[in-house]
Structures are given as structure tokens and as C-alpha cells.
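Data first, discussion second: the structure below is written as C-alpha cells.
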Amino acid sequence: MMNADRPVVAEGSTVCSVVDALIRSRRTVRAFRPTPVPKSEVAEILDVARCAPSNSNTQPWSVHVLAGESKRQLSEALALSHERNELPPSRHFPDDLPAACASRQTDFGARYYAALGIDRNDAPARNRQSGRNLCFFDAPVGLIFTIDSRLTKHSWADCGMFLQTLMIAAKARGLDTCPQVSFVRYEPLISEFLRLPSTQSIVCGMSLGYADTDAAVNDLGMPREPVENFSVFWGFDARG
Ligand SMILES: Cc1cc2nc3c(=O)[nH]c(=O)nc-3n(C[C@H](O)[C@H](O)[C@H](O)COP(=O)(O)O)c2cc1C
């Protein structure tokens, strides 16, 4: 069943055309079809993701994979906490977010709420939408990534590479993802639910499943800066 769903490659494709197309076609997906994802498929994706590099091969990532009743129970507990607004909001960004990042964040918000038909000034509607993170946007599989709290930002970068490798391996199998920092606010609840040792911190969550291709929210087309805006080349031309 799984292999039949997998995207096929056009005859004569080069490796780079296939890999580039996969990377370029990955989008954050926030509306999923109910089609289940078999455990073997998730395990296979994780088997690819574990090839991600890490500093001194420390492989600092851990992941909890939730489906069915486990996912439902966790989501229900988180939704209740969200409704009661009982935990302090977690701070994903500093107050003095650099201006270039702040303007991209504003652009993201504008596109996101427009696609959902939510007025940006409608705080209750925005709050309800934010709560949708906690049911993994109804994806059949939810993942929670953790790291040992003693590790520093360098090891968190390793986790980022693991996440991206996982997302591309998923995409290669016709599956889509949404990485989600939103779960961090609920760390105390999630830690209790997953019986995490006190040495583990939550990096983020992730929704995994088959995209609802009719949903406008899955087609935000988030823009990227051109290479020259974030790169400095040294020593490539005669001037050194
Ligand atoms: C570490 C990380 C955390 C994110 N957290 C959330 C989240 O909590 N909820 C959400 O809807 N999207 C989340 N996103 C998705 C970003 O909004 C998205 O990657 C960005 O807007 C670029 O869009 P694209 O992934 O479709 O290219 C997160 C992405 C990353 C990498």
C-alpha cells in the first residue's frame, strides 16, 4: 500500500534534480487527510533521519511517536490546558527580535490568517487557531522531540538537522509535516504524559500525515530571501 502512494521519479532525472525538487516542494502542512500512516512507515522515516550529522556524532535527539488513542489523550489534555490558559506563554523569540526577522514574521502572520479567513485583530479566533497545533492539526501521527537539558545550542542545531532530514524523508514518501514549537508551552504536561526524565527538554513537536491538498492553508507559498541577501562569498574571483 505504502509503495503505491510514493511519488515516482521521471525517467532520466538526475540525483540533484530529485533531491532539489524534494527540498523545494516541502511546505509546512496544517490540514491533513485522516488516512493513517503505518508504524513501519514512520520507523522507516526515522531510520533515514538518524543519518543526520551531529557534533562528534553525539546524536542528541529523542523522539516520541504518537498515534491513535495516545495522541488523542495527549491532545485532549493539552486542549484543556490551552482553553484554561493555565500555563505562561512560552517565549520563542526575544523582545528585540531583529527587524529583518520581525518583518518576515509579520508577513507570515498576514499570509497565514488570510488563508484561514481570520481577521488579524480577532484575538479569540487567532487563539482558537493556535490551539489547533495541539491536536497536531488532526494529522494521524504526532511527534515530540526532546533533548538532554544539559546540552547547549550547538546540540540543538544537531536536532534541527535531524528534523529537516526527517521532513525530507517524509516528503519522499508522499507525506507532509508541520514542525511545531507551540508544544513547548505545555512542557510540564507533556513531560508528565510521556514520563520524561527531568533531564529532558522538549525541542518541538511535529504533525505528520497526508496533506489535504484542497486546504488553502497548505499553500501559503512562504517566500525566501535570494542567496545574495544572506551570503558573502570570499576568494572566488580575481580580487580574492
Ligand atoms: C522550529 C520550527 C517551529 C515551528 N513552529 C510552528 C508552530 O508551532 N506552528 C505552526 O503552525 N508552524 C510552525 N512552524 C512552521 C513555520 O511557520 C514555517 O516553517 C515557515 O513559515 C516557513 O514556511 P514553510 O515551512 O511552508 O516553507 C515552525 C517551523 C520551525 C522550523
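The values are calculated or read from the model by the stated rules, or taken from the named source; none is laboratory data. Predicted model only: the values in this text are computed from it and were never measured. Every residue, glycine among them, receives a Cβ derived from its backbone with ideal geometry; neighbour counts consider all protein chains shown.
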**OP:** Might you check whether a residue that is in contact with a strand residue (DSSP E or B) (Cβ under 6 Å, 6 or more places away or on another chain), of a type in the set (Ser, Thr, Tyr), under 30 Å from Asp47 (Cβ atoms) and touching a residue at least 24 places away in the same chain (Cβ under 8 Å) occurs anywhere in the range 189-203?
**Re:** yes
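Report those helices (runs of 4 or more DSSP H) wholly inside the range 107-209 carrying at least 3 residues which are under 27 Å from Pro38 (Cβ atoms) and out of contact with any helix residue (DSSP H, G or I) (no Cβ under 8 Å at 6 or more places or on another chain). Talk me through it step by step, then tell me what you get.
Values: elements: 123-131, 153-172, 187-193.
Qualifying helices (runs of 4 or more DSSP H): 153-172.
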**OP:** Return the pairs, sorted by first residue and then second, in which the second residue is assigned to a helix (DSSP H, G or I), the first residue lies in the range 98-116 and is among the small types (Gly, Ala, Ser), the beta carbons are less than 6 Å apart, and the residues are 6+ apart or on different chains.
**Re:** Ala115/Ala216; Ala115/Val217
Subject >> Tally, over the range 140-182, of residues that are within 12 Å of the ligand (Cβ to nearest atom), within 11 Å of the chain's Cα centre (by Cα) and more than 22 Å from Ser25 (Cα to Cα) >> reply: 2
**OP:** From (1) farther than 29 Å from Asp219 by Cβ; (2) out of contact with any Phe, Trp or Tyr (no Cβ under 6 Å at 6 or more places or on another chain); (3) surrounded by 14 or more Cβ atoms within 10 Å (Cβ to Cβ), pick out the condition that doesn't hold for Lys39.
**Re:** (3)
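Return the residue satisfying two criteria in turn: it lies in the range 1-60 and is of a type in the set (Lys, Arg) and assigned to a loop (DSSP other than H, G, I, E, B), and of such residues it is farthest from the ligand (Cβ to nearest atom). It would help to see each step written out before you state the result.
To start, the set of residues in the range 1-60 that are of a type in the set (Lys, Arg) comprises 6, 24, 26-27, 30, 33, 39, 50.
Right, trim to assigned to a loop (DSSP other than H, G, I, E, B) and you get 6, 26-27, 30, 33, 50.
On the way: Arg6: 21, Arg26: 7, Arg27: 4, Arg30: 5, Arg33: 18, Arg50: 19 Å.
Out of the qualifying residues, it is Arg6.
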Original post:
Any residue at all in the range 125-139 that is at pLDDT 95 or above and more than 21 Å from the chain's Cα centre (by Cα)?
Top reply: yes
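Looking at Cys178, is it surrounded by 11 or more Cβ atoms within 10 Å (Cβ to Cβ) and touching a Pro at 6+ places or on another chain (Cβ under 9 Å)? Working first, answer last.
On the way: surrounded by 11 or more Cβ atoms within 10 Å (Cβ to Cβ): yes; touching a Pro at 6+ places or on another chain (Cβ under 9 Å): no.
For Cys178, the condition - surrounded by 11 or more Cβ atoms within 10 Å (Cβ to Cβ) and touching a Pro at 6+ places or on another chain (Cβ under 9 Å) - is not met.
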**OP:** Please verify whether the range 213-224 includes one or more residues that are part of a helix (DSSP H, G or I), within 15 Å of the ligand (Cβ to nearest atom) and either more than 28 Å from Glu86 (Cβ to Cβ) or without any contact (Cβ under 8 Å) to a residue 24 or more places away in the chain (or both).
**Re:** yes
